[in-house]
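Following: one structure in structure tokens, then a few remarks.
The values are calculated or read from the model by the stated rules, or taken from the named source; none is laboratory data. This one's a predicted model, so the numbers in the text were calculated from it and none came from an experiment. Because the Cβ atoms are built from the backbone with ideal geometry, glycine has one as well, and the counts that use them run over all protein chains shown.
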């Protein structure tokens, strides 16, 4: 049954071509990555924490895991105690792809294995002991809306469990419609349109039983298969279709992310994609489900690392990725899985890795008996990464911007309601300790030694002490470190936090921002300051005595993230508002127009068609078109009808002798190239022709 268990978690991963399971050469691969790290070991690392650059608040449902009906430990006190100890606040049931074969009434999963003691009531008892909320997969693949509605009625009317979150299906794009077939789906029509209509029917039936539940629909993570692909006969991609048809009926979207990586170093770099991935998901929701799109949340209900599932890469990846996703506004992140079973055994950074996607050991052995896991329920390294997250940030804390000047060391920070500040530092260098210096903006730490939580390679627990300085630290190799700082002085009477700003009238160079007023503290509010986040530093864009401000002199086609802070007549400053991200467009009028089309997307690239038109009064004799990719994961792989080159993110196309002349008032030329991407794929928003910013049609 182990193969079936793994398929529930990893079939999508294999088909994405993303997840490279640790094999016999993993140790060598990790060493190769480490040699690069070692070359930079002597360089000190500068960390910046900006308490005025507010990000999302930590939701009560943030720290989540998956549990499964094939796991005989699902309902045990031992497991619920371990999950509670790691701060788990949401548990997903009945387990990945099993969600589309599971029938809750008779507790069966035809074609799969159901362990004793894993029925829904047993699961709910375990969730309650853990102190968590459930997220439940309603069976779309082989079930009906009526079956799901009966489940809601039983859970919330009969048993009064108060189960709020329900997803319609699991990875239903893997039903064979795009060629890969691992998800059960008995519907004759397996298109995204059929699934979207099914979501509508499920949501209506389920909310008729309990209008207070939240219903989610399955999307693909941007940049992950089959995102961007339009199958034969479909009007659009999976995500566009589902959001367009079912957007008014759902409360959240449900995505999975197995980013893979062929080495530990490559896998640990994948969290760099998170900001762009969440931004792209939010853009799709806004574009395709415009009616009240702001109410639709984002959940990430399956995730694991590409190399070192049971060893330190798993712990480092978990803490880094959970932090990045939650600070970007995802309301729950759920690790696959509580238990999973032994896989390919290897050595990673000196530790035995069992290729097991579980947080806890299943106590299983290889078929030939040569290798066995530790005793049942022994925590693996990612469990300790989850425990570190629990030490770092709690429900209601506000993430704030933190950054470093070294890719092998990442930083996250969160501000607590009592005035404390927590800083999480991740050293991804497997061989070298890294010395860091930490600068703070908008926060002055006390001189006393901070409380320090640490988890090191090969560790069996997160250790705690009160040592060192808030401004410098030596991070052990391959380690997680959290500093909890007290403020130098407790601020009292500061204004309340302004509301999240909204943007209107966004053009290529301006935007009007508005927000709800702060509650006055000990003194009246004197003004509001608008700050733009530039990494971990910020730039004040302006200030206003009222609750709106028009920002000018913006750059076309640029993503801006802004916060508002209130300052009172005594100089006291509020916490930063929740952030707003908006993107400026292209000029409404210009002397040139560019139409950009992405054709025939195959999941990792597409054919780009670019039509350039001279709309100005003067003819052009020789032209150069330039644009910048929005992300670092995109590239130009050669083109036609122009001389193409890419330098960093900037792409340049220069005219040929045969097409350099563009007549005034409408002369045009068509060029193109092959685009590739290895992460979230955002289309370029603006283009310049001979230095002039064009209107993008």
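Do we find that residue 55 is more than 30 Å from residue 174 (Cα to Cα) and either outside the structural domain of residue 304 (by TED's automatic domain parsing) or in contact with a helix residue (DSSP H, G or I) (Cβ under 8 Å, 6 or more places away or on another chain) (or both) in this structure? Yes; evaluated as a whole, the condition is true for this residue. Screening residue 233 on (1) in contact with a helix residue (DSSP H, G or I) (Cβ under 6 Å, 6 or more places away or on another chain); (2) more than 30 Å from residue 310 (Cα to Cα) shows it passes everything except condition (1).
For every residue, the table says whether it meets (1) under 26 Å from the mean Cα position of the chain (by Cα); (2) in the same structural domain as residue 272 (by TED's automatic domain parsing).
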{"residue": "380", "(1), (2)": "yes, yes"}
{"residue": "414", "(1), (2)": "yes, no"}
{"residue": "446", "(1), (2)": "no, no"}
{"residue": "453", "(1), (2)": "yes, no"}
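For the range 539-550, the count of residues that are over 29 Å from the mean Cα position of the chain (by Cα), under 30 Å from residue 589 (Cα atoms) and crowded, with 18+ Cβ neighbours inside 10 Å is nonzero.
To keep it simple, each residue is scored yes or no on (1) more than 30 Å from residue 348 (Cβ to Cβ); (2) in contact with a helix residue (DSSP H, G or I) (Cβ under 9 Å, 6 or more places away or on another chain).
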residue: 286; (1), (2): yes, yes
residue: 291; (1), (2): yes, no
residue: 297; (1), (2): yes, no
residue: 306; (1), (2): no, yes
residue: 316; (1), (2): no, yes
residue: 321; (1), (2): no, yes
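The rows are residues; the columns are (1) modelled with pLDDT under 95; (2) under 30 Å from residue 490 (Cα atoms); (3) buried (at least 17 other Cβ atoms within 10 Å of the Cβ).
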{"position": "561", "(1), (2), (3)": "no, yes, yes"}
{"position": "587", "(1), (2), (3)": "no, no, yes"}
{"position": "629", "(1), (2), (3)": "no, no, yes"}
{"position": "655", "(1), (2), (3)": "no, no, yes"}
{"position": "661", "(1), (2), (3)": "no, no, no"}
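Suppose we filter 233, 308, 292, 297 for residues that are farther than 19 Å from residue 96 by Cα, in contact (Cβ under 8 Å) with a residue 12 or more places away in the chain and buried (at least 24 other Cβ atoms within 10 Å of the Cβ); which single one remains? Residue meeting the stated conditions: 308. The number of residues in the range 392-450 that are part of a strand (DSSP E or B) and either in contact with a helix residue (DSSP H, G or I) (Cβ under 7 Å, 6 or more places away or on another chain) or over 30 Å from residue 500 (Cα atoms) (or both) comes to 13. The requirement of being in contact (Cβ under 8 Å) with a residue 40 or more places away in the chain and either outside the structural domain of residue 266 (by TED's automatic domain parsing) or surrounded by fewer than 16 Cβ atoms within 10 Å (Cβ to Cβ) (or both) is not satisfied by residue 649. Being in the same structural domain as residue 347 (by TED's automatic domain parsing) and within 19 Å of the chain's Cα centre (by Cα) is a property that residue 234 lacks.
Here residue 518 fulfils each of the conditions (1) surrounded by 17 or more Cβ atoms within 10 Å (Cβ to Cβ); (2) farther than 30 Å from residue 225 by Cβ; (3) in contact (Cβ under 8 Å) with a residue 60 or more places away in the chain apart from (3).
Matching residues to (1) under 28 Å from the mean Cα position of the chain (by Cα); (2) at pLDDT below 95; (3) within 30 Å of residue 533 (Cα to Cα); (4) not in a loop (DSSP other than H, G, I, E, B):
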{"site": "36", "(1), (2), (3), (4)": "yes, yes, no, yes"}
{"site": "43", "(1), (2), (3), (4)": "no, yes, yes, no"}
{"site": "59", "(1), (2), (3), (4)": "yes, no, yes, no"}
{"site": "71", "(1), (2), (3), (4)": "yes, no, no, no"}
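Selection of first residues in the range 401-427 that are at positive phi and of second residues that are outside any loop (DSSP other than H, G, I, E, B) and at pLDDT 95 or above, restricted to Cβ pairs under 7 Å at least 6 apart or on distinct chains, gives the following pairs, ordered by first then second residue: 419/487.
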